[in-house]
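What follows draws every value from the coordinates through simple rules; no lab data is involved. Computed from a predicted model, the values in this text were never measured in an experiment. Quick reminder, even Gly has a Cβ in these numbers, built from the backbone with ideal geometry, and neighbours come from all protein chains shown.
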Amino acid sequence: MQHLYKLLEKKREIPIEIDDHFRLFGKEPWEVDYGEKCPVCDVRIDEYGFCSCGSSGD
């Protein structure tokens, strides 16, 4: 895992030691691709099909 962190040490805006989003999801929050908005909760649906309410627009 340390090897992976060293590869990603380019210019980190958030230090890896406290970057929980990166450790959980493997990418920074601003790297998430969003699609359309969910008609139920009116929040953007992410690249995995998730939104705030969990309905994913169904």
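Per-residue Karplus couplings for the range 22-29, computed as 6.51 cos²θ - 1.76 cosθ + 1.60 with θ equal to phi - 60°, are listed in order as 5, 5, 7, 10, x, 7, 7, x Hz, Gly and Pro entered as x. Which FRET efficiency, nearest 0.05, do C53 and I14 yield, Cβ-Cβ r, R0 22 Å? That pair, C53 with I14, gives E of 0.20.
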